[in-house]
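The values are calculated or read from the model by the stated rules, or taken from the named source; none is laboratory data. As the structure is a prediction and not an experimental result, all values here were calculated from the model. Cβ placement follows ideal geometry from the backbone for every residue including glycine, while neighbour counts extend to all protein chains displayed. In case anyone asks, the SASA skips ligands and DNA or RNA and just uses the protein heavy atoms, side chains included. Shrake-Rupley method; radii C 1.70, N 1.55, O 1.52, S 1.80 Å.
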Amino acid sequence: NYDISIDRELSNDNSIIEFRIDAGNFSTLATVNDENGIVFQKVPENIDLTNLDVSIIISDRASSNPEIDSLIDFSSSVSLIITSESGLQKTYDINITHMNESFSQTCDEMNAWKWFGGDNRIDAPNTQPFDRNVGSGQAIILDQDLFPTSFSVHLRDGFRFAEDDSPYNESVELKLNIRNENGVILMATTTDVSASFNGGFIPFDLTNQNLFFENDTVYIFQWYLLNGALLGVTAGSSGNNDETAAGFCFNGGYSGQSKISDNSALEELDTWYEHPWNFNIKLEGKQ
(Lines give C-alpha, C1' and ligand atoms only; values in the text may rest on other atoms or scores of the structure.)
Protein backbone atom coordinates (compact mmCIF):
# COMPACT_ATOMS: atom_id res chain seq x y z
CA ASN A 1 0.00 0.00 0.00
CA TYR A 2 1.20 3.50 -0.89
CA ASP A 3 0.04 6.81 0.52
CA ILE A 4 0.43 9.40 -2.27
CA SER A 5 0.69 13.08 -1.37
CA ILE A 6 0.89 15.78 -4.07
CA ASP A 7 1.47 19.43 -3.24
CA ARG A 8 0.56 22.03 -5.90
CA GLU A 9 1.58 25.65 -5.68
CA LEU A 10 -1.54 27.81 -5.71
CA SER A 11 -1.93 30.18 -8.64
CA ASN A 12 -1.34 33.91 -8.13
CA ASP A 13 -3.10 34.88 -11.40
CA ASN A 14 -5.86 37.45 -10.84
CA SER A 15 -6.48 39.23 -14.15
CA ILE A 16 -9.35 40.05 -16.51
CA ILE A 17 -8.30 38.26 -19.68
CA GLU A 18 -11.21 39.37 -21.89
CA PHE A 19 -14.14 41.73 -21.52
CA ARG A 20 -16.71 41.46 -24.34
CA ILE A 21 -19.79 43.64 -24.80
CA ASP A 22 -22.78 42.33 -26.77
CA ALA A 23 -25.89 44.39 -27.45
CA GLY A 24 -28.02 43.20 -30.34
CA ASN A 25 -25.98 43.65 -33.52
CA PHE A 26 -23.25 45.47 -31.59
CA SER A 27 -20.30 43.51 -30.26
CA THR A 28 -16.81 44.58 -29.26
CA LEU A 29 -13.93 43.83 -26.92
CA ALA A 30 -13.34 46.49 -24.27
CA THR A 31 -9.82 47.75 -23.64
CA VAL A 32 -8.36 46.08 -20.54
CA ASN A 33 -5.38 47.83 -18.96
CA ASP A 34 -4.10 45.14 -16.63
CA GLU A 35 -1.27 47.28 -15.26
CA ASN A 36 -3.54 50.13 -14.14
CA GLY A 37 -6.57 47.98 -13.38
CA ILE A 38 -8.87 49.84 -15.80
CA VAL A 39 -11.46 48.52 -18.25
CA PHE A 40 -12.74 51.16 -20.68
CA GLN A 41 -14.98 51.22 -23.71
CA LYS A 42 -17.24 53.70 -25.50
CA VAL A 43 -20.43 52.36 -27.10
CA PRO A 44 -23.10 53.91 -29.37
CA GLU A 45 -25.65 56.17 -27.70
CA ASN A 46 -28.57 53.83 -28.42
CA ILE A 47 -27.19 51.09 -26.14
CA ASP A 48 -28.78 50.76 -22.70
CA LEU A 49 -26.01 50.84 -20.10
CA THR A 50 -28.38 49.80 -17.30
CA ASN A 51 -28.97 46.39 -18.87
CA LEU A 52 -25.81 45.46 -20.72
CA ASP A 53 -24.86 41.95 -21.74
CA VAL A 54 -21.17 41.37 -21.03
CA SER A 55 -18.94 38.31 -21.13
CA ILE A 56 -15.90 38.42 -18.82
CA ILE A 57 -13.09 35.87 -18.80
CA ILE A 58 -10.80 35.91 -15.75
CA SER A 59 -7.71 33.94 -14.78
CA ASP A 60 -8.06 30.22 -14.28
CA ARG A 61 -9.01 29.28 -10.70
CA ALA A 62 -9.61 32.94 -9.79
CA SER A 63 -12.90 34.30 -8.40
CA SER A 64 -14.65 37.66 -8.62
CA ASN A 65 -16.58 39.97 -6.34
CA PRO A 66 -19.29 40.72 -7.26
CA GLU A 67 -20.08 37.62 -9.26
CA ILE A 68 -19.60 38.19 -12.98
CA ASP A 69 -23.09 36.93 -13.86
CA SER A 70 -24.63 39.64 -11.66
CA LEU A 71 -23.06 42.53 -13.59
CA ILE A 72 -25.57 44.20 -15.91
CA ASP A 73 -25.72 47.88 -14.86
CA PHE A 74 -22.80 49.93 -16.17
CA SER A 75 -24.49 53.34 -16.11
CA SER A 76 -21.80 54.34 -13.61
CA SER A 77 -18.31 53.06 -12.83
CA VAL A 78 -18.20 49.48 -11.53
CA SER A 79 -15.47 48.01 -9.28
CA LEU A 80 -14.65 44.37 -9.78
CA ILE A 81 -12.27 42.53 -7.44
CA ILE A 82 -10.47 39.51 -8.88
CA THR A 83 -9.01 37.14 -6.27
CA SER A 84 -6.41 34.57 -7.25
CA GLU A 85 -6.45 30.99 -6.01
CA SER A 86 -3.72 31.94 -3.55
CA GLY A 87 -5.73 34.88 -2.20
CA LEU A 88 -4.08 37.82 -4.00
CA GLN A 89 -6.57 40.53 -4.96
CA LYS A 90 -6.68 43.05 -7.80
CA THR A 91 -9.35 45.71 -8.27
CA TYR A 92 -10.53 46.78 -11.73
CA ASP A 93 -12.48 49.97 -12.38
CA ILE A 94 -14.89 49.34 -15.27
CA ASN A 95 -16.04 52.40 -17.21
CA ILE A 96 -18.47 51.93 -20.09
CA THR A 97 -19.67 55.25 -21.54
CA HIS A 98 -21.59 56.49 -24.55
CA MET A 99 -20.03 57.90 -27.70
CA ASN A 100 -21.07 61.53 -27.34
CA GLU A 101 -18.23 63.44 -28.98
CA SER A 102 -18.95 64.63 -32.53
CA PHE A 103 -16.56 63.47 -35.24
CA SER A 104 -16.21 64.92 -38.72
CA GLN A 105 -13.42 64.37 -41.23
CA THR A 106 -13.49 65.86 -44.73
CA CYS A 107 -11.09 64.99 -47.53
CA ASP A 108 -11.58 67.86 -49.95
CA GLU A 109 -8.13 68.39 -51.48
CA MET A 110 -8.73 67.53 -55.13
CA ASN A 111 -6.47 67.68 -58.16
CA ALA A 112 -7.65 64.73 -60.29
CA TRP A 113 -10.95 63.41 -61.63
CA LYS A 114 -11.81 59.84 -62.66
CA TRP A 115 -14.60 58.49 -64.83
CA PHE A 116 -17.66 57.57 -62.76
CA GLY A 117 -20.86 55.99 -64.06
CA GLY A 118 -21.90 54.75 -67.50
CA ASP A 119 -20.68 55.52 -71.00
CA ASN A 120 -22.72 56.24 -74.14
CA ARG A 121 -19.78 57.03 -76.45
CA ILE A 122 -19.79 55.17 -79.74
CA ASP A 123 -16.01 55.45 -80.17
CA ALA A 124 -14.84 54.76 -76.60
CA PRO A 125 -11.75 52.51 -76.40
CA ASN A 126 -12.31 48.86 -75.44
CA THR A 127 -16.03 49.23 -74.80
CA GLN A 128 -19.34 49.60 -76.54
CA PRO A 129 -21.91 52.31 -75.76
CA PHE A 130 -24.27 51.57 -72.85
CA ASP A 131 -22.16 48.62 -71.72
CA ARG A 132 -19.82 49.56 -68.86
CA ASN A 133 -20.33 51.02 -65.39
CA VAL A 134 -17.42 52.51 -63.40
CA GLY A 135 -17.40 52.97 -59.61
CA SER A 136 -15.02 54.53 -57.07
CA GLY A 137 -13.84 53.54 -53.61
CA GLN A 138 -11.77 54.65 -50.65
CA ALA A 139 -10.25 52.92 -47.64
CA ILE A 140 -10.21 54.51 -44.17
CA ILE A 141 -8.43 53.79 -40.89
CA LEU A 142 -9.52 55.48 -37.65
CA ASP A 143 -7.52 56.45 -34.58
CA GLN A 144 -10.55 55.90 -32.32
CA ASP A 145 -13.69 53.76 -32.44
CA LEU A 146 -16.56 55.43 -34.31
CA PHE A 147 -20.34 55.17 -34.56
CA PRO A 148 -20.79 56.58 -38.09
CA THR A 149 -23.88 58.63 -38.97
CA SER A 150 -23.06 59.88 -42.47
CA PHE A 151 -20.69 59.15 -45.34
CA SER A 152 -20.43 61.46 -48.36
CA VAL A 153 -18.73 61.16 -51.74
CA HIS A 154 -17.72 63.98 -54.06
CA LEU A 155 -18.48 64.32 -57.77
CA ARG A 156 -17.08 67.20 -59.80
CA ASP A 157 -20.24 67.86 -61.83
CA GLY A 158 -23.73 66.65 -62.61
CA PHE A 159 -24.42 63.56 -64.68
CA ARG A 160 -24.22 63.99 -68.45
CA PHE A 161 -23.95 62.06 -71.71
CA ALA A 162 -20.29 61.97 -72.71
CA GLU A 163 -21.03 61.56 -76.43
CA ASP A 164 -22.33 65.11 -76.84
CA ASP A 165 -21.74 66.48 -73.29
CA SER A 166 -25.46 67.12 -72.83
CA PRO A 167 -26.83 67.07 -69.25
CA TYR A 168 -28.98 64.14 -68.07
CA ASN A 169 -31.37 66.35 -66.06
CA GLU A 170 -32.99 63.45 -64.20
CA SER A 171 -32.46 62.02 -60.74
CA VAL A 172 -30.21 58.99 -60.27
CA GLU A 173 -29.49 56.53 -57.46
CA LEU A 174 -26.07 55.67 -56.02
CA LYS A 175 -25.22 52.44 -54.18
CA LEU A 176 -22.71 52.24 -51.31
CA ASN A 177 -21.08 49.04 -50.08
CA ILE A 178 -18.87 49.05 -46.99
CA ARG A 179 -16.46 46.11 -46.86
CA ASN A 180 -13.89 44.87 -44.39
CA GLU A 181 -10.29 44.41 -45.51
CA ASN A 182 -11.12 40.86 -46.67
CA GLY A 183 -13.77 42.20 -49.04
CA VAL A 184 -16.82 41.03 -47.06
CA ILE A 185 -19.73 43.48 -47.31
CA LEU A 186 -20.62 44.77 -43.83
CA MET A 187 -23.41 47.09 -44.94
CA ALA A 188 -25.11 48.35 -48.10
CA THR A 189 -27.32 51.37 -48.69
CA THR A 190 -28.44 53.75 -51.42
CA THR A 191 -29.06 57.47 -51.83
CA ASP A 192 -30.88 59.59 -54.41
CA VAL A 193 -29.18 62.36 -56.35
CA SER A 194 -31.52 65.07 -57.58
CA ALA A 195 -31.85 66.12 -61.20
CA SER A 196 -30.53 69.56 -60.26
CA PHE A 197 -27.26 68.21 -58.81
CA ASN A 198 -24.32 70.05 -60.37
CA GLY A 199 -21.37 68.76 -58.37
CA GLY A 200 -20.41 68.53 -54.70
CA PHE A 201 -20.71 66.06 -51.82
CA ILE A 202 -23.47 63.43 -51.92
CA PRO A 203 -24.37 62.01 -48.47
CA PHE A 204 -25.37 58.47 -47.50
CA ASP A 205 -27.33 58.34 -44.22
CA LEU A 206 -25.80 55.71 -41.88
CA THR A 207 -27.69 56.69 -38.72
CA ASN A 208 -29.89 53.60 -38.55
CA GLN A 209 -27.35 51.11 -39.88
CA ASN A 210 -25.99 50.21 -36.39
CA LEU A 211 -22.42 50.32 -37.65
CA PHE A 212 -19.43 50.35 -35.34
CA PHE A 213 -15.96 51.04 -36.72
CA GLU A 214 -13.05 49.89 -34.58
CA ASN A 215 -9.81 51.85 -34.40
CA ASP A 216 -6.75 50.73 -36.39
CA THR A 217 -9.00 48.68 -38.68
CA VAL A 218 -9.33 48.96 -42.46
CA TYR A 219 -12.79 49.71 -43.87
CA ILE A 220 -13.33 49.99 -47.62
CA PHE A 221 -16.13 52.17 -49.03
CA GLN A 222 -17.18 51.49 -52.63
CA TRP A 223 -19.89 53.44 -54.46
CA TYR A 224 -21.36 53.30 -57.93
CA LEU A 225 -24.29 54.44 -60.08
CA LEU A 226 -27.18 51.99 -60.09
CA ASN A 227 -28.10 50.98 -63.65
CA GLY A 228 -25.14 53.07 -64.77
CA ALA A 229 -24.44 51.04 -67.90
CA LEU A 230 -28.02 51.25 -69.19
CA LEU A 231 -28.31 54.95 -68.33
CA GLY A 232 -25.04 55.71 -70.10
CA VAL A 233 -24.41 58.87 -68.05
CA THR A 234 -21.23 59.84 -66.26
CA ALA A 235 -19.74 62.34 -63.79
CA GLY A 236 -16.23 63.06 -62.52
CA SER A 237 -15.20 61.29 -59.31
CA SER A 238 -12.98 63.80 -57.46
CA GLY A 239 -9.66 62.67 -56.04
CA ASN A 240 -6.08 63.45 -55.09
CA ASN A 241 -3.13 61.94 -56.97
CA ASP A 242 -0.43 62.97 -54.47
CA GLU A 243 1.37 59.67 -53.81
CA THR A 244 3.51 61.15 -51.00
CA ALA A 245 0.62 62.34 -48.81
CA ALA A 246 -0.36 60.50 -45.62
CA GLY A 247 -3.08 60.54 -42.98
CA PHE A 248 -6.79 59.76 -42.79
CA CYS A 249 -7.48 60.92 -46.37
CA PHE A 250 -4.75 58.79 -47.93
CA ASN A 251 -5.36 55.16 -46.97
CA GLY A 252 -5.89 53.96 -50.54
CA GLY A 253 -8.35 54.46 -53.37
CA TYR A 254 -10.27 51.93 -55.47
CA SER A 255 -11.91 51.73 -58.87
CA GLY A 256 -14.30 49.17 -60.25
CA GLN A 257 -15.71 48.37 -63.68
CA SER A 258 -18.48 46.05 -64.76
CA LYS A 259 -19.83 45.30 -68.23
CA ILE A 260 -23.18 44.01 -69.42
CA SER A 261 -21.38 42.21 -72.25
CA ASP A 262 -19.40 40.00 -69.84
CA ASN A 263 -22.23 39.66 -67.30
CA SER A 264 -20.25 41.27 -64.48
CA ALA A 265 -21.56 43.55 -61.71
CA LEU A 266 -20.02 46.03 -59.28
CA GLU A 267 -21.48 44.03 -56.40
CA GLU A 268 -18.81 41.45 -57.20
CA LEU A 269 -15.50 41.91 -55.41
CA ASP A 270 -13.38 40.87 -58.41
CA THR A 271 -14.61 43.84 -60.46
CA TRP A 272 -12.69 46.17 -58.10
CA TYR A 273 -8.99 46.98 -57.94
CA GLU A 274 -6.70 49.36 -56.07
CA HIS A 275 -6.35 52.77 -57.70
CA PRO A 276 -3.27 55.04 -57.30
CA TRP A 277 -5.45 58.03 -56.33
CA ASN A 278 -7.33 58.72 -53.10
CA PHE A 279 -10.90 59.94 -53.52
CA ASN A 280 -12.68 62.82 -51.80
CA ILE A 281 -15.02 61.77 -49.01
CA LYS A 282 -16.57 63.05 -45.79
CA LEU A 283 -17.21 60.89 -42.73
CA GLU A 284 -19.27 61.97 -39.70
CA GLY A 285 -20.36 60.27 -36.49
CA LYS A 286 -19.82 60.00 -32.74
CA GLN A 287 -16.75 58.88 -30.81
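Numbers for the structure displayed
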read-out	value
Any chance Thr234 is modelled with pLDDT of 95 or more and farther than 15 Å from His275 by Cα	yes
Residue pairs meeting the criteria (Cβ under 7 Å; at least 6 apart or on separate chains; first polar (S, T, N, Q), in segment 111-127; second at pLDDT 95 or above and open to solvent by 60 Å² or more (accessible area, probe 1.4 Å))	Asn111/Asn241; Asn120/Phe130; Asn120/Glu163
1 or more residues under 11 Å from the mean Cα position of the chain (by Cα): qualifying strands (runs of 3 or more DSSP E) within segment 134-235	147-155, 172-180, 185-193, 218-225
Selected residue (criterion: least open to solvent (accessible area, probe 1.4 Å)) from residues of segment 6-26 that are assigned to a loop (DSSP other than H, G, I, E, B) and at pLDDT below 90	Gly24
Residue selected from segment 170-182 under the condition exposed (fewer than 12 other Cβ atoms within 10 Å of the Cβ) and in contact (Cβ under 8 Å) with a residue 12 or more places away in the chain, by the criterion farthest from Leu230 (Cα to Cα)	Glu181
When residues of segment 81-108 are limited to those that are open to solvent by less than 30 Å² (accessible area, probe 1.4 Å) and within 17 Å of Leu29 (Cα to Cα), the one nearest to the chain's Cα centre (by Cα)	Met99
Subset of segment 136-159 (residues that are closer than 24 Å to Thr234 by Cβ and out of contact with any Phe, Trp or Tyr (no Cβ under 6 Å at 6 or more places or on another chain))	Ala139, Leu155, Asp157
Looking only at segment 253-271, and only at residues there that are touching a residue at least 40 places away in the same chain (Cβ under 8 Å) and open to solvent by 30 Å² or more (accessible area, probe 1.4 Å), the one that is farthest from Val218 (Cα to Cα)	Ser261
Only one of Phe151, Phe197 that is in contact (Cβ under 8 Å) with a residue 24 or more places away in the chain, aromatic (Phe, Trp, Tyr) and open to solvent by less than 10 Å² (accessible area, probe 1.4 Å)	Phe151
Criterion violated by Glu45 - all others in (1) buried (at least 18 other Cβ atoms within 10 Å of the Cβ); (2) part of a loop (DSSP other than H, G, I, E, B); (3) within 18 Å of the chain's Cα centre (by Cα) satisfied	(1)
Set Ile38, Ile94, Ile47: member being touching a His at 6+ places or on another chain (Cβ under 8 Å) and in contact (Cβ under 8 Å) with a residue 24 or more places away in the chain	Ile47
